[in-house]
Amino acid sequence: QVQLVESGGGLVQPGGSLRLSCAASGIIGSVYSMAWYRQAPGKQRGLVAIIDRHGVTNYVDSVKGRFTISRNYTKNMAYLQMNSLRPEDTAVYYCQVINLGGMYWGQGTQVTVSS
């Protein structure tokens, strides 16, 4: 059974940093991509950053230059380093994994940026 567990969320002041982690277990076979999505209150869930099996990354424009996605291939873990956080980054952040078996989601971790 595939399980994704996110951690690292919390309350941070504007301009601060957080590092999110996603631990994937029960994955069989190659992971095609690992990604971070976020959902703010009253808004749809949207892609923040994605990294494929070749290490190619892509980001939503609003986080380019501030966020960095990375992954540990052997441990099936993904990370999101978030710097220069803004109040508009406040959301629940979800980890997503895609492999041959399908698409999987974690339960999410809350990130709140506020003074």
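The values are calculated or read from the model by the stated rules, or taken from the named source; none is laboratory data. Keep in mind it's a predicted model, so treat the numbers as computed, not measured. No Cβ is skipped: glycine too gets one built from the backbone with ideal geometry, and neighbour counts run over all protein chains shown. The area values use the complete protein model at the heavy-atom level, side chains included, leaving out ligands, DNA and RNA. Shrake-Rupley method; radii C 1.70, N 1.55, O 1.52, S 1.80 Å.
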Open item on the list: Sort Val48, Val56 by heavy-atom solvent-accessible area, probe 1.4 angstrom, most to least.
Closed with: Val56, Val48
TODO: Return one whole number: the accessible area per residue of the chain in Å², for a 1.4 Å probe.
DONE: 54 Å²
Task: Sparse-neighbour loop sites [trypsin sites (Lys or Arg not before Pro); the stretch 1-68; at most 12 other C-beta within 10 Å; DSSP] - done: Lys43, Lys64
Task: Local net charge near Gly10, Cβ-Cβ under 13 Å (Lys/Arg +1, Asp/Glu -1) - done: -1
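Ignoring ligands, DNA and RNA, what percent of the 1.4 Å accessible area of the chain is carbon and sulfur?
Carbon and sulfur together cover 49 percent of it.
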Task: Around Tyr79: net Lys/Arg minus Asp/Glu count, Cβ-Cβ under 10 Å - done: +2
TODO: Could you please report the charge total around Asn99, scoring K, R as +1 and D, E as -1 over all other residues with beta-carbon less than 14 angstrom from its beta-carbon?
DONE: +1
